[in-house]
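What follows is a set of notes on a single structure, which appears directly below.
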Amino acid sequence: MTLFEIMDILDAKCLVGRKQLNMEVETAFSADLLSDVLAFAKAGSLLLTGLTNPQIVRTASILDIAAIILVRGKIAPDETLRMADELEIPMLSTRYILFETSGRLFMNGIKGCVERVGSDTYVTL
Amino acid sequence: MNLSYENSFEIQGGNFKKAGDISVQIKKVLQNLGVPRAILRRVAIAVYESEINIISYANKGIIHIQVSPETVSIEAEDEGPGIENIELAMRAGYSTATDKIREMGFGAGMGIPNIINCSDTFNITSEVNKGTHLTMIIQLTNNQEEKN
Ligand SMILES: Nc1ncnc2c1ncn2[C@@H]1O[C@H](COP(=O)(O)OP(=O)(O)O)[C@@H](O)[C@H]1O
Ligand SMILES: [Mg+2]
């Protein structure tokens, strides 16, 4: 699915990366915790998040995340937008909440980049 | 591929605004050197988690990176509080992160486990009230299994 189609499904605005909207994506990861993004998100996936600090862009860049979708109507500060522009990571913004955003994409064929974590992810003392 | 590169980067503890800056730089350099994508990603994650930890917990530190045709070696060495119980710190989910760190989106206790997951060889030594030293090696050759 292209970012164009995703914008349509999510009634989203493009904040950064107007020229990259033909990009195709098939998987996504949703989280408001960058630690979990770093541990579980896969290259080429969308990142759906309510975070807006510059670290989301750096994290996306480190992980080869395809594009970032800000949920709950979040508008990122200029610093974040500038970084996304510089690192060439498209950024969209939708007013749907994280659950709705994920659900609407899933209904349209976007899958989680991992279905669930391994049973050995957390070991207790 | 003629892979050869060596450099050191200084990191200031508490400089949250810059968190990740050096990792993004290093990733770019290695990408230009021609390091394969899947390996590049593992190196970048290991460097990023190390950088975030130095900024989050230490006074200052250095990340040293060395690329040869066979391996990427990363050393992350800091002056800081050190780690009292290394075994505990290595566990997924264990964290002493402050509100400031959590506000940024970090502090789930997944950093060191993620570094271990991305490295072919990992070593950590730490001395309380002195500092922490991580060594991470990622093989460029004979790397059949896709990690991460
Ligand atoms: N460089 C360091 N200096 C001192 N303590 C550290 C350092 N790196 C990690 N730690 C300790 O180990 C814990 C686990 O680290 P990590 O796995 O990266 O998770 P997180 O940073 O999310 O807490 C930290 O909460 C901290 O107590
Ligand atoms: Mg950490």
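The values are calculated or read from the model by the stated rules, or taken from the named source; none is laboratory data. What you are looking at is a predicted structure, and each value in this text was computed from that prediction instead of being measured. Positions of Cβ are generated from backbone atoms using ideal geometry, with glycine treated the same way; all protein chains shown enter the neighbour counts. All accessible areas refer to the heavy atoms of the entire protein, side chains included, with ligands and DNA or RNA removed. Shrake-Rupley method; radii C 1.70, N 1.55, O 1.52, S 1.80 Å.
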Listed residue pairs exceeding 28 Å between alpha carbons, taken from A:Lys42/B:Lys130; A:Lys74/B:Lys17; A:Lys19/A:Lys111; A:Lys19/B:Lys60; B:Lys17/B:Lys130; A:Lys19/B:Lys100: A:Lys42/B:Lys130; A:Lys19/B:Lys60; A:Lys19/B:Lys100
Ignoring ligands, DNA and RNA, the residues of region B:20-64 whose accessible area with a 1.4 Å probe is reduced by 40 Å² or more relative to the chain alone are B:Val24, B:Lys27, B:Arg41, B:Tyr48
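Pulled fully out, how much extra length does the chain show between B:His64 and B:Val29, if you take 0.36 nm times their separation in residues and subtract their Cα-Cα distance?
Values: separation 35, 0.36 × 35 = 12.60 nm, distance 1.35 nm.
Computed gain between B:His64 and B:Val29 is 11.3 nm.
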Return the inverse of the average 1/r over all pairs of distinct C-alpha atoms in region A:3-111, which is the Kirkwood hydrodynamic radius, in Å to one decimal. 13.3 Å
Average accessible area per residue (Å²) across the protein assembly as shown - probe 1.4 Å, nucleic acids and ligands excluded: 49 Å²
So what is the 222 nm mean residue ellipticity for chain B from helices alone, if each DSSP H run of at least 4 adds -39500 (n - 2.57) and you divide by all residues, rounding to the nearest 500 deg cm²/dmol? -10500 deg cm²/dmol
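Using a 1.4 Å probe and counting only protein heavy atoms, how much accessible surface gets buried when B and A come together, both sides summed, in Å² to the nearest 100?
Working: alone 8330 and 7330 Å², together 13380 Å².
When B and A are taken together, about 2300 Å² of accessible area is lost.
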Counting pairs of Cα atoms in the protein assembly as shown, how many percent are more than 29 Å apart? 32 percent
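On average, how many beta carbons from a partner chain sit within 10 Å of the beta carbon of a residue in A:60-68? Each step should come with its number before you reach the end.
Working: counts 0, 7, 15, 5, 6, 0, 0, 0, 0.
That works out to 4 on average.
For region B:1-59, give the magnitude of the charge dipole about the Cα centre (Cβ charges: +1 Lys/Arg, -1 Asp/Glu; no others), in debye to the nearest 20. Each step should come with its number before you reach the end.
Numbers: 7 positive and 5 negative charges, 57 e Å.
For region B:1-59, the charge dipole is close to 280 debye.
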Tell me the mean residue ellipticity at 222 nm calculated for chain A from its helices only (DSSP H runs of n ≥ 4, each -39500 (n - 2.57), averaged over every residue, nearest 500). -10000 deg cm²/dmol
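Note down the magnitude of the dipole of the protein assembly as shown about its Cα centre, charges +1 on Lys and Arg C-beta and -1 on Asp and Glu C-beta and zero elsewhere, to the nearest 20 debye.
Details: 25 positive and 34 negative charges, 136 e Å.
So the magnitude is around 660 debye.
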Which of the GluC sites (Glu not before Pro) found in region B:71-148 are loop residues per DSSP with 13 or fewer other Cβ atoms within 10 Å of their Cβ? B:Glu84, B:Glu145, B:Glu146
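What is the magnitude of the charge dipole of chain A about its Cα centre, with +1 placed on the Cβ of each Lys and Arg, -1 on the Cβ of each Asp and Glu, and no other charges, expressed in debye to the nearest 20? Numbers along the way, then the final one.
Values: 12 positive and 16 negative charges, 43 e Å.
My answer is approximately 200 debye.
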Could you let me know the centre-to-centre spacing of region B:74-148 and region A:24-46, using Cα atoms, in angstrom? 20 Å
